[in-house]
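Novice: Questions regarding the structure given below will be posed in turn.
Where a number appears in this text, it was derived from the coordinates with a stated rule and is not lab data. Keep in mind that this is a model prediction, so the values were computed, not measured. Note that each Cβ is placed from the backbone with ideal geometry, even for glycine, and that neighbours are counted across all protein chains shown.
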Amino acid sequence: DAYIGAIEAANDVINAYVTVTGDKARDMAKASDARIAEGKAGALEGIPLGIKDLFSTRDVHTQACSAILNRFKPKYESTVTQNLWDDGAIMLGKLNMDEFAMGSSNETSHYGPVINPWKASGSNAQLVPGGSSGGSAAAVAAHLCAGATATDTGGSIRQPAALTGTVGIKPTYGRCSRWGVVAFASSLDQAGPIARDVRDTAILLKSMASVDAKDTTSVDLPVPDYEASLGQSLKGMRIGIPKEYRVDGMSDEIEKLWSQGIAWLKDAGAEIVDISLPHTKYALPAYYIVAPAEASSNLARYDGVRYGLRVDGKDIADMYEKTRAAGFGAEVKRRIMIGTYVLSAGYYDAYYLQAQKVRTLIKRDFELAFNDVDAILTPATPSSAFAIGDEALAADPVAMYMQDIFTVTVNMAGLPGLSVPAGLDAKGLPLGLQLIGRPFEESTLFKTAHVIE
Ligand code: GLN
């Protein structure tokens, strides 16, 4: 009741929820009470969560914040959300996001932007919460849920977490099932949690993660007790600082934040090691070939026949065209056009194949680095939260893509990456540090982040 009251009071301003499932939440809470009374409480019994609109939820609107999925209600439940309900969690509703998870500011949503609950000191200007999981991050930051699900294809968990002072982890590719999660770029997409601290994030990931026969890329490895790693010593740990992340034009504040993080980890007993990830500078351009290529294929299914919106036409081809013209927003159309272009005959070798080779080199950079270090520390974002409707960013999509500069490499290599709040900038806005780990070594990230938070 407290969370539903808070949502009713604040959501008109923050716009974090696009669907509120108050009645369902109360029913689930009653069932939770009954299980507690019987002594059968699950790991998340009675914990109220918000769910990113990208996760299919049975008989509850699942719209990926796109007009083309307007009023779509699936008849199935995503594996990740099912895992949460099986552990006793309660669904408060569906959270706003960039359309089909494409964006870094939550401004491409069909349901309008999310407002970051943080304001710069002395200013009332509305700021973005980051994206694409902007609703998840803002809802957690504003106490409109105890934790949230999110997804990360190129940074969409870590960047909004950094911009809202929350913790988010993109687990190793394959740690969580992608089944029932609306696909953006299938070789990069991973689900993960955003929560208020490292402990809550660790507890949520434990419930979300599982092998799943319905997603053959999910991995059959035991899910460790991540919480148990908190408080463990960092003595003997080696932390890599990659020189390529010291990008041109990096602000003094980000530079300072990074040095502060290094000092904290040193104080905790870790050894700091300079490393090189030489192919880093190719990650962003390669990502913006691979991700749109996969998106153009995944989004072919929205044809006016199977899901959501249909705009009638004089014949079937005309109906497809009118439906897709009306149903997709500008950023989604841009991605589909880039994707179909790089996959087309004559360009495939020059762009798509080349990007895949770059991806292999990026992966190899990390493999070599992890022969020497146990984790890597970098900034999470190039800046703190920026203004809604920033004209320079709106006019230049590539400038917005730069928000992903520190995060996309991790998706390209399939590695786990965590963003943890590490301080405030001169405007009083939160900034995050990113920890990157070896495949399936999320525990290392949790224990290290716990020292920073
Ligand atoms: N900002 C990136 C993009 O627009 C990442 C999005 C994501 O991780 N879903 O593609």
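Novice: Exactly which GluC sites (Glu not before Pro) in the range 35-89 are in a DSSP loop and have at most 15 other Cβ atoms within 10 Å?
Specialist: Here the GluC sites (Glu not before Pro) that fit, given the DSSP loop and packing criteria, are Glu38.
Novice: What are the lysines whose alpha-carbon lies under 25 Å from the alpha-carbon of Lys119, with same-chain residues fewer than 8 places away excluded?
Specialist: Lys52, Lys94, Lys256, Lys427
Novice: How much of the DSSP bridge set in the range 2-229 is antiparallel, in percent, rounded to the nearest 5?
Specialist: 65
Novice: What's the longest uninterrupted piece of the chain once you rule out the trypsin sites (Lys or Arg not before Pro) that are loop residues per DSSP with at most 13 other Cβ within 10 Å?
Specialist: 315-453
Novice: Here is a follow-up. Rounded to two decimals, what ratio of Rg to Rh does the chain give with C-alpha atoms and a Kirkwood Rh?
Specialist: 0.95
Novice: Convert each backbone phi in the range 170-180 into a coupling constant with the Karplus relation 6.51 cos²θ - 1.76 cosθ + 1.60 (shift: θ = phi - 60°), then list the ³J(HN,Hα) values in order as whole Hz, x for Gly and Pro.
Specialist: 9, x, 3, 4, x, 6, 10, 6, 8, 5, x
Novice: Next question. Please give me, ordered by residue number, the chymotrypsin sites (Phe, Trp or Tyr not before Pro) of the range 43-88 that lie in loop per DSSP and have at most 15 other Cβ atoms within 10 Å.
Specialist: Passing sites in the range 43-88 are Tyr76.
Novice: Here's something else I'd like to know. For Leu95, what residues show an amide H to amide H distance below 5 Å, using hydrogens built from the backbone and excluding near sequence neighbours?
Specialist: Those lying under 5 Å, H to H, from Leu95 are Val18, Ile51, Lys52, Asp53.
Novice: Whole-Hz ³J(HN,Hα) for each residue in the range 409-414, computed from phi via Karplus 6.51 cos²θ - 1.76 cosθ + 1.60 with θ = phi - 60°, x for glycine and proline: what do you get?
Specialist: Going residue by residue, I get 4, 5, 5, 4, 9, x Hz, with x marking Gly and Pro.
Novice: Taking the alpha-carbon centroid of each part, what is the distance from the range 33-106 to the range 361-379 in angstrom?
Specialist: Centre-to-centre distance over Cα atoms comes out at 34 Å.
Novice: Counting only helical runs of four or more DSSP H residues, what would the 222 nm mean residue ellipticity of the chain come to if each run contributes -39,500 (n - 2.57) and the total is spread over all its residues?
Specialist: So the helix-based figure for the chain works out to -11000 deg cm²/dmol.
Novice: What length, rounded to one decimal in nm, is gained on full extension from Arg306 through to Ala31, with 0.36 nm per residue of separation minus their alpha-carbon distance?
Specialist: 95.6 nm
Novice: Please give the charge dipole size of the chain, origin at the Cα centre, charges +1 on K and R Cβ atoms and -1 on D and E Cβ atoms. Round to the nearest 20 debye.
Specialist: Approximately 560 debye in magnitude.
Novice: Quick one: what are the phi-derived ³J(HN,Hα) couplings along the range 161-166, Karplus 6.51/-1.76/1.60 with θ = phi - 60°, whole Hz, x for glycine and proline?
Specialist: Karplus-based 3J(HN,Hα) across the range 161-166 equals 4, 4, 7, 10, x, 10 Hz.
Novice: Another question about this same structure. In the chain, what % of DSSP beta bridges are antiparallel (nearest 5)?
Specialist: 70
Novice: Right, another one. For Trp179, what residues show an amide H to amide H distance below 5 Å, using hydrogens built from the backbone and excluding near sequence neighbours?
Specialist: Result for Trp179 returns Thr79.
Novice: Same structure, new question: For a distance above 21 Å, tell me the whole-number percent of Cα pairs in the range 213-349 that qualify.
Specialist: Across the range 213-349, Cα pairs with separations above 21 Å total 69 percent.
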